[in-house]
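A.B. asks: Mind looking over this structure? Questions follow.
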Amino acid sequence: MRTILQILVSPRTQSISRRVALEVTDRILARHLGARVTVRDLARDPPPHPSSELYEAILTGAAHDDPRLELSERLIAELEAADCVVIGTPMNNFTVPSTLKAWIDHVVRIRRSFRSSPQGKVGLLHDRPVVVVTAHGGYCGDLPLMQPDFLTPYLRTIFSTIGIHDLRFLRLEGLTRGAEGVATALDGARSWMDKNLPEQ
Ligand SMILES: Cc1cc2nc3c(=O)[nH]c(=O)nc-3n(C[C@H](O)[C@H](O)[C@H](O)COP(=O)(O)O)c2cc1C
């Protein structure tokens with residue numbers, strides 16, 4: 001493994017998704033000495049919502065070097081260059097925060113990261129492990145008092161659309177339930193990391 005792309009989403013200095021995503025990256029680095037980390041901090045440098053220029057460039061099939069696609073090309077190139085991706089993100093209102101959604105809108109681009117076929121969309125990027133650390137104030141699940149999770153299936157579908165199927169979710173729940181909730185989530189995270197981080 002030579003390059004790790006780290007995508008950080010929370011704007012909070014005390015962010016737990018950031019803290020655990022950094023720990024995941026450190027653990028991967030410890031196994032792959034000399035690997036390089038590219039940091040894409042979506043809170044400090046949020047991608048803009050798609051503009052009318054971006055829509056036109058995509059809808060008219062503009063060349064990849066069209067200046068309207070410059071940011072999209074840069075973000076896709078960062079992803080293509082990564083052997084492994086580590087994302088740290090909160091759940092916001094049952095799904096991804098809008099900054100991560102904006103990143104997706106620049107990266108998931110027809111004729112570039114996927115193509116259309118009569119059988120459906122075909123991913124154009126090669127597969128690689130993506131570790132997604134998600135931070136939740138509450139708990140997700142099927143019981144009536146629990147909340148729905150649109151984040152996990154959404155990210156699985158979106159990455160698989162562009163050809164990336166190896167998604168590994170580390171879910172940190174109950175983070176607004178006091179210090180005990182945080183400690184339990186962190187304990188669970190460490191045993192998850194012992195078993196689920198990419199080896200190669
Ligand atoms: C706008 C907003 C929406 C949120 N929506 C949810 C939610 O749908 N489900 C949930 O469990 N927590 C929700 N939370 C709580 C955060 O996910 C939780 O505090 C998380 O720890 C924040 O991530 P961080 O610690 O990495 O900053 C929300 C928080 C904010 C500010």
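The values are calculated or read from the model by the stated rules, or taken from the named source; none is laboratory data. Worth saying up front: this structure is predicted, and the values here are computed from it rather than measured. So basically every Cβ, Gly included, is an ideal-geometry build from the backbone, and we count neighbours across all protein chains shown. Surface accessibility is based on the protein's heavy atoms, side chains included, excluding ligands, DNA and RNA. Shrake-Rupley method; radii C 1.70, N 1.55, O 1.52, S 1.80 Å.
A.B. asks: Given the options F150, F169, F159, state which has the largest fluctuation in a GNM of the chain using a 10 Å cut-off (strictly under) for Cα springs.
C.D. replies: Checking each option, the largest mean-square fluctuation is seen for F150.
A.B. asks: Determine the dipole magnitude for the chain: charges of +1 sit on the beta-carbon of Lys and Arg, -1 on that of Asp and Glu, nothing else is charged, the reference point is the Cα centre, and the result goes in debye to the nearest 20. Let's see the in-between values first.
C.D. replies: Values: 24 positive and 23 negative charges, 36 e Å.
Dipole magnitude for the chain comes out near 180 debye.
A.B. asks: If you count only protein heavy atoms with a 1.4 Å probe, what accessible area per residue comes out for the stretch 1-146, rounded to a whole Å²? Mind showing how you got there, number by number?
C.D. replies: Values: 7470 Å² over 146 residues.
Each residue of the stretch 1-146 exposes 51 Å² on average to a 1.4 Å probe.
A.B. asks: When the helix-only estimate is applied to the chain (DSSP H runs of n ≥ 4, each -39,500 (n - 2.57), divided by the residue count), what is the mean residue ellipticity at 222 nm, nearest 500 deg cm²/dmol? Intermediate values should be presented prior to the final figure.
C.D. replies: Details: 6 runs with 76 residues, N = 200.
The helix contribution divided over the chain gives -12000 deg cm²/dmol.
A.B. asks: Determine how many Å³ per residue the convex hull of the Cα atoms of the chain encloses. Intermediate values should be presented prior to the final figure.
C.D. replies: Working: hull volume 27.3 nm³, N = 200.
Value for the chain: 137 Å³ per residue.
A.B. asks: Would you mind classifying the stretch 1-110 by shape? Square roots of the alpha carbon gyration tensor eigenvalues, ordered a ≥ b ≥ c; an a/c under 1.5 is rounded, otherwise it is prolate if a/b is larger than b/c and oblate if not. Show your work: numbers first, answer last.
C.D. replies: Details: a/c = 2.92, a/b = 1.46, b/c = 1.99.
Because a/c hits 1.5 or more and a/b fails to exceed b/c, the stretch 1-110 counts as oblate.
A.B. asks: Take A30 and Y55, extend 7 Å from each Cα along the Cα→Cβ direction, and tell me the distance between the two endpoints in nm.
C.D. replies: Simple spin-label model gives 4.9 nm for this pair.
A.B. asks: Moving to a separate point now. Quick one: among S72, S160, S117, which has the greatest mean-square fluctuation in a GNM of the chain with alpha-carbon springs under 10 angstrom?
C.D. replies: S117
A.B. asks: Follow-up. Would you work out which of L69, A135, I110 lies farthest towards the positive end of the dipole of the stretch 31-168? Charges go on Cβ: Lys and Arg +1, Asp and Glu -1.
C.D. replies: A135
A.B. asks: If you don't mind, there's one more thing I want to ask. Compute, for the stretch 1-100, the length of the dipole vector about the Cα centre, with Cβ point charges of +1 (Lys, Arg) and -1 (Asp, Glu) only. Units Debye, rounded to 20. Intermediate results must be reported in sequence, preceding the final value.
C.D. replies: Numbers: 11 positive and 13 negative charges, 139 e Å.
With only Lys, Arg, Asp and Glu charged at Cβ, the dipole is about 660 debye.
A.B. asks: Find how much the distance from D194 to D127 grows on full extension, using 0.36 nm per residue of separation minus their present alpha carbon separation; answer in nm with one decimal. Let's see the in-between values first.
C.D. replies: Values: separation 67, 0.36 × 67 = 24.12 nm, distance 2.24 nm.
Residue separation times 0.36 nm, minus the Cα-Cα distance, leaves 21.9 nm.
A.B. asks: Taking loop as defined by DSSP and a crowding limit of 16 other beta carbons within 10 Å, which trypsin sites (Lys or Arg not before Pro) in the stretch 170-200 fit?
C.D. replies: Numbers: sites: R171, R177, R190, K195; in loops: R177.
Passing sites in the stretch 170-200 are R177.
A.B. asks: How much length would be gained if the chain were fully extended between F94 and R168, taking 0.36 nm per residue of separation minus their Cα-Cα distance, in nm to one decimal? Please list the in-between numbers first.
C.D. replies: Details: separation 74, 0.36 × 74 = 26.64 nm, distance 1.85 nm.
24.8 nm is the gain from fully extending F94 to R168.
A.B. asks: Further question on the same structure: Using a Gaussian network model on the chain with a 10 Å cutoff between Cα atoms, which of I104, I58, I76 fluctuates the most?
C.D. replies: Between I104, I58, I76, it is I58 that shows the largest mean-square fluctuation.
A.B. asks: Once you put a point 7 Å from the Cα of Y139 and another 7 Å from the Cα of S116, both along the Cβ direction, what distance in nm separates them?
C.D. replies: 4.4 nm
A.B. asks: When Lys and Arg each count +1 and Asp and Glu each count -1, what net charge do the other residues less than 12 Å away from H126, Cβ to Cβ, add up to?
C.D. replies: Details: positive: R128; negative: E80, D83, D127, D166.
Value of the local net charge: -3.
A.B. asks: Further, regarding this structure: In nm, to one decimal, how far is the modelled label at E180 from the one at K101, with both set 7 Å along Cα→Cβ?
C.D. replies: It is 3.5 nm.
A.B. asks: If you line up the long axis of helix 178-196 against the longest principal axis of the chain, both from Cα atoms, how many degrees apart are they, to the nearest 10?
C.D. replies: That works out to roughly 60 degrees.
A.B. asks: Now for a separate question. Which angle between 0 and 90 degrees, to the nearest 10, do you get for helix 151-161 versus the longest principal axis of the chain when only C-alpha atoms count?
C.D. replies: 30 degrees
A.B. asks: Whenever you get a sec, compute what percent of the accessible area on the chain sits on carbon and sulfur atoms (1.4 Å probe). Let's see the in-between values first.
C.D. replies: Numbers: 5490 of 10300 Å².
Solvent-exposed carbon and sulfur of the chain make up 53 percent of the total.
A.B. asks: Here is a follow-up. Give the angle, between 0 and 90 degrees and rounded to the nearest 10, that separates the Cα long axis of helix 70-81 from the longest principal axis of the Cα atoms of the chain.
C.D. replies: 60 degrees
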